[in-house]
Amino acid sequence: MVKIKFFNAKWCGPCKAMKPGIDEIKKKGYPIEEIDIDENGTIAESATVRGVPTTIIYENNVEMERVVGFEDVSKLEKRFNIYIEPK
């Protein structure tokens with residue numbers, strides 16, 4: 001099972017820039033969980049998130065790929081397609 005976690009923060013400019021695109025691809029059926037690092041510091045710490053935005057792709061609870069910093073959402077979607085087909 002593939003899970004995607006998008007670590008972000010309300011104060012983060014690049015996170016805000018990515019948010020509309022993340023919302024758009026979530027609507028396509030990608031299993032993206034958005035995690036605010038200020039509200040969920042323990043989860044971010046356990047994932048060793050050092051900066052935001054950070055997007056991590058997990059397969060069977062094993063980290064497969066990590067993208068740190070802003071990335072065009074169309075490029076992210078192509079990365080996701082390596083691991084999962086949208087529903």
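The values are calculated or read from the model by the stated rules, or taken from the named source; none is laboratory data. Here the structure is a predicted model, which is why all the values come from computation and not from measurement. Note that each Cβ is placed from the backbone with ideal geometry, even for glycine, and that neighbours are counted across all protein chains shown. Accessible surface is based on the protein model in full, side chains and every heavy atom, while ligands, DNA and RNA are left aside. Shrake-Rupley method; radii C 1.70, N 1.55, O 1.52, S 1.80 Å.
Of all residues in segment 1-54, those satisfying the criterion of being of a type in the set (A, V, I, L, M, F, W, C) and within 18 Å of Asp72 (Cα to Cα) are Ile4, Phe6, Phe7, Ala9, Cys12, Cys15, Ala17, Met18, Ile22, Ile25, Ile32, Val52. Of the residues making up segment 56-86, those that are of a type in the set (S, T, N, Q) and under 20 Å from Lys19 (Cβ atoms) number 1.
Reported count of residues in segment 9-57, each being touching a residue at least 40 places away in the same chain (Cβ under 8 Å), among the charged types (D, E, K, R) and not in a helix (DSSP H, G or I), is 1.
Residue pairs whose Cβ atoms lie under 7 Å apart, separated by 6 or more positions or on different chains, with the first residue in segment 64-87 and over 18 Å from Val49 (Cβ atoms) and the second among the β-branched types (Val, Ile, Thr), are Val73/Ile22; Val73/Ile25; Glu77/Ile25; Phe80/Ile4; Phe80/Ile57; Tyr83/Val2; Tyr83/Ile57; Ile84/Val2.
Residue count for segment 63-87 satisfying the condition of being open to solvent by less than 80 Å² (accessible area, probe 1.4 Å) and either hydrophobic (A, V, I, L, M, F, W, C) or touching a Cys at 6+ places or on another chain (Cβ under 9 Å) (or both): 5.
The residue that is nearest to Asn8 (Cα to Cα), counting only those in segment 22-49 that are open to solvent by 80 Å² or more (accessible area, probe 1.4 Å) and over 12 Å from the mean Cα position of the chain (by Cα), is Asp38. For the residues Ile84, Ile22, the requirement of being in contact with a Ser or Thr (Cβ under 9 Å, 6 or more places away or on another chain) and on the phi < 0 side of the Ramachandran plot singles out Ile22.
All of Val73, Val52 fail the test of being closer than 14 Å to Cys15 by Cβ and at pLDDT 95 or above, apart from Val52.
Taking segment 47-87 as the range and being farther than 18 Å from Val2 by Cα and among the aromatic types (Phe, Trp, Tyr) as the test, only Phe70 passes.
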